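Chemist: Here you go, one structure.
The values are calculated or read from the model by the stated rules, or taken from the named source; none is laboratory data. Keep in mind the model is a prediction, meaning the values are calculated, not measured. Note that we place each Cβ from the backbone using ideal geometry, even for glycine, and neighbour counts take in every protein chain shown.
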Amino acid sequence: MKKPLPSIRRSRRQLRPEAADRNPEKACEYAVAALDQLCNTWYATGMERVREVRRALAPWQHERCVQDLDDRLYGWETTVSALGR
């Protein structure tokens, strides 16, 4: 059974500490879950929070999980940009 997605607010509280605690895999997991939720309910502040977490993950930019997050984030930004036109 699939786990329920965390709320954007809960994700934010969890995301930054995970990055600060040097756990990029967990931070990326929460960020992807937040992006999944943003897919269903757009929330501009939520997207900014995911970007904030991505900035906190800069020291791990060469890790596979961070690169995968970048791919998802880039896809999101492209989609949102296209929809806004």
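Chemist: Go through the range 41-57 and give me each residue that's among the hydroxyl-bearing types (Ser, Thr, Tyr) and in a helix (DSSP H, G or I).
Modeler: Answer for the range 41-57, where residues must be among the hydroxyl-bearing types (Ser, Thr, Tyr) and in a helix (DSSP H, G or I): just Thr45.
Chemist: Counting just the residues of the range 21-40 that are assigned to a loop (DSSP other than H, G, I, E, B) and at negative phi, which one comes out surrounded by the most Cβ atoms within 10 Å (Cβ to Cβ)?
Modeler: Just the residues of the range 21-40 that are assigned to a loop (DSSP other than H, G, I, E, B), to begin with: 21-23.
If we keep only those that are at negative phi as well, we get 21, 23.
Values: Asp21: 10, Asn23: 14.
Filtering the range 21-40 for residues that are assigned to a loop (DSSP other than H, G, I, E, B) and at negative phi, the one surrounded by the most Cβ atoms within 10 Å (Cβ to Cβ) comes out as Asn23.
Chemist: Return a yes/no flag: does the range 40-50 have any residue that is out of contact with any strand residue (DSSP E or B) (no Cβ under 7 Å at 6 or more places or on another chain), modelled with pLDDT under 85 and β-branched (Val, Ile, Thr).
Modeler: The answer is yes, given that some residue of the range 40-50 is out of contact with any strand residue (DSSP E or B) (no Cβ under 7 Å at 6 or more places or on another chain), modelled with pLDDT under 85 and β-branched (Val, Ile, Thr).
Chemist: Examine the range 23-40 for a residue that is polar (S, T, N, Q) and more than 17 Å from Asp70 (Cα to Cα), and state whether such a residue exists.
Modeler: Within the range 23-40 (the criterion being polar (S, T, N, Q) and more than 17 Å from Asp70 (Cα to Cα)), the answer is yes, since at least one residue qualifies.
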